[in-house]
Every structure is written in structure tokens, then in C-alpha cells.
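The values are calculated or read from the model by the stated rules, or taken from the named source; none is laboratory data. What you see is a predicted model, and the numbers here were worked out from it, not measured in a lab. Methodologically, a virtual Cβ is constructed for each residue, glycine included, from the backbone with ideal geometry; neighbour enumeration extends over all protein chains shown. Note: areas computed on protein heavy atoms with side chains; ligands, DNA, RNA excluded. Shrake-Rupley method; radii C 1.70, N 1.55, O 1.52, S 1.80 Å.
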2 protein chains.
Amino acid sequence: MARRPTTFDPFNAIAEPRRRRILNFLRRGERSVGDVVRATHFGQPQVSKHLGVLRKVGLVAVRGSGRRRLYRLNARGLKPVHQWVSAFERFWNESFDRLDACLKELQQQEKKNEP
Amino acid sequence: MARRPTTFDPFNAIAEPRRRRILNFLRRGERSVGDVVRATHFGQPQVSKHLGVLRKVGLVAVRGSGRRRLYRLNARGLKPVHQWVSAFERFWNESFDRLDACLKELQQQEKKNEP
DNA sequence: TGAACATATACCGATATGGGAATATGTCAA
DNA sequence: TTGACATATTCCCATATCGGTATATGTTCA
């Protein structure tokens, strides 16, 4: 097996920076492909393809409106990512605390060595 | 440019399911490569390689201890991911609310149509 | 119907991946 | 020093990606 396809799950889909930018933009509401193109300055085919990936993993939904297609965010698809990452929140807080403690100790030592 | 290397940033690094499992396991504390191999049943070279990726993006740190190498979680590296995803939290809550509202309305309508 | 517009798809090339097996490096212990 | 152990690295292959360009599909309007 090679690297998993980008459509394998939300984790793979959001690994691409441009797709994250598109998702960010779609927080403003339903937008057409052209809107995304103008906002991001990415090529139109690229935008279509990225939106296709996002749709396949359920991070956006589409709706036809005349000759345009309106994409909207489906943020719930990010829930698994949020859940997984959140399980680590307390760890980086902890390590921050530990680092902080270490730094303070070092400062104490330096004070002792100075005078 | 092709797909970004897995070592490009934490987003790419955690796209691989096995790497997420390894990170999960490392929440228990500092562990040797062999520990990870036994816990995950992944091949030893694979574990070494995955740990290498995680180290390059700063999600784990290593320390030599005799003939073993002890890896420990550096959860702070996940902060960017958490921050980015958290910006969408209110959206999935919102859409959930909206969905909820719709469902309730439907139920109301059904009640009206029944009697 | 035909032209203009909006979007999707096909094709190409360079690149990196991840698993597996074999092997190299490094370290301890007798 | 030699052998056993722990880990890292190399090589191979099948696979998918992403950007770019060109083109196809689909829709509206005159």
C-alpha cells in the first residue's frame, strides 16, 4: 500500500494547505467555485479538484444554482480530527508547565551564581 | 509540485493512521522502539521510519539510553492543528442546531398531519 | 441555435509515499 | 573480540498526488 488517497479521510484531506484555505474561506458561507478562485487566486481546475476531494470526504456539500455550483462547509466532518487532537491538549499544557518549571529553576540557579 | 512530503508539517504527518496510533501510544510516556513495535504489531523498520517522520516535524523527541532509543511525545507540535480545527467548532455546533431545529419542525408537521 | 459563461474532467510529469525484506549501524556483555 | 540485541537505513515497487494546460460538459441568454 502506498500513501493513503487524500479522499481516505478528513485527516488526509486537510493535509493539503490549499484545501485548508478553501475551507477557511467557506466559513463565510455558501460560495461558488468562481468565488473561491477569485478569493484564493488558485487556478480554476485546481479549485474544482480540491473541492471534489473535500466533497468526497464530506467536508463540503454542493448545490447547483443555474450554471454555478455552490459549495458550503460541512464542518461536522472535522469532528473526528478535533476529537483526536483534543485528546492531546492536556499533554501540551503539561509539558508547557514542566518547561516553565525548568526555566524558573534555571533562573533561580543563575541568581545564585551571580552575586 | 506533487503532494507535500509527510514531513512538511504536523497536518501531513498525522494524516497517516499508523502514526496517529503511535502518537496515541506515546501518551503513556516515554517508550522504546521495541515497546511501540510490541504494542502496535507494526514491523520494526516501519515503526522506526514513522517515528523518524514524527521526529522531523517535532511531534516526538528522542533520547538514547544504552542500546535503546526512547521516544517521547511532544504534544505541543499538535497545537497548530488544534487551533485550526477549533476555528470550525462553532460551525458544526451551529449546523447541528439547525439540523436539530429542522427535525423538530418536521416532527411538529407530522403531528399536525396525523390526527 | 449559437455564443458566452461556469465548472468539471482528462492528460502529463515530477515526486514522494509506505510496506517488506535485507542489511547496516550501534551498543552492551561475557 | 565476538556475539546478541536494538534500532536505523537501503532498496524495491505499486500507487496517488498536485499543478498546468487543454478540453469537455452543462447552463443561460439573445
Residue count for segment A:64-85, restricted to those that are assigned to a helix (DSSP H, G or I) and more than 7 Å from chain B (Cβ to nearest Cβ): 3
Filter pass, B:L70 being at pLDDT 95 or above, more than 18 Å from B:T6 (Cβ to Cβ) and touching an Asp or Glu at 6+ places or on another chain (Cβ under 9 Å): yes
Qualifying positions in segment B:15-56 - part of a loop (DSSP other than H, G, I, E, B) and more than 10 Å from DNA strand C (Cβ to nearest atom): B:R27, B:R28, B:G29, B:E30
Residue in segment B:33-41 that is open to solvent by less than 30 Å² (accessible area, probe 1.4 Å) and within 13 Å of chain A (Cβ to nearest Cβ) present: no
Residue list for segment A:1-31, filter: within 12 Å of DNA strand D (Cβ to nearest atom) and in contact with a strand residue (DSSP E or B) (Cβ under 9 Å, 6 or more places away or on another chain): A:I22
